[in-house]
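Novice: Sharing a structure with you now.
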Amino acid sequence: MSAVKKGDVGDEPQAHRIRITLTSQSVANVEKVCRELIKRAKDKKLRVKGPVRLPTKVLRHHTRKTPNGEGSKTWDFFEMRIHKRLIDLQSSSEVLKQIININIEPGVEVEVTIHSG
């Protein structure tokens, strides 16, 4: 009989399901960070899913041009677009630290969620 049972893992670090969420107002910055993260993950031979492009949120704000409400009713329209990407990885925490240690573009928010699996 062998000392290791079927399905038992030796001294390998535990793999976690990791979801990286990138958010920014600039599409180019988000895509650049996505490319860099995926490239580093594939260099480490990890399973990568993504980037999943989520629908763009458009925040609109309408305001009157005149400060006192008199005169013709003219309006200003402002909008801000929020772009979001998801990347799913399957790796250990140590490898994740090496992958995420990149130069992130200004204006890009990175949120990492780790699920034990």
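Novice: Within the stretch 84-102, can you find the residues that are within 24 Å of Ser26 (Cα to Cα) and in contact (Cβ under 8 Å) with a residue 24 or more places away in the chain?
Specialist: Result: Lys84, Arg85, Leu86, Ile87, Asp88, Leu89, Ile99, Ile100, Ile102.
Novice: Can you confirm whether Arg81 is without any contact (Cβ under 8 Å) to a residue 60 or more places away in the chain and not aliphatic (A, V, I, L, M)?
Specialist: Answer is yes for this residue.
Novice: Within the group Gly50, Gly69, which residue is surrounded by 15 or more Cβ atoms within 10 Å (Cβ to Cβ) and either more than 26 Å from the chain's Cα centre (by Cα) or free of Cβ contacts under 8 Å to residues at least 40 places away in the same chain (or both)?
Specialist: Gly50
All of the numbers you see were taken from the coordinates with simple rules; none came from a lab. Everything quoted here is computed from the prediction, not taken from an experiment. Here Cβ is always computed from backbone atoms with ideal geometry, including for glycine, and neighbour counts include all displayed protein chains.
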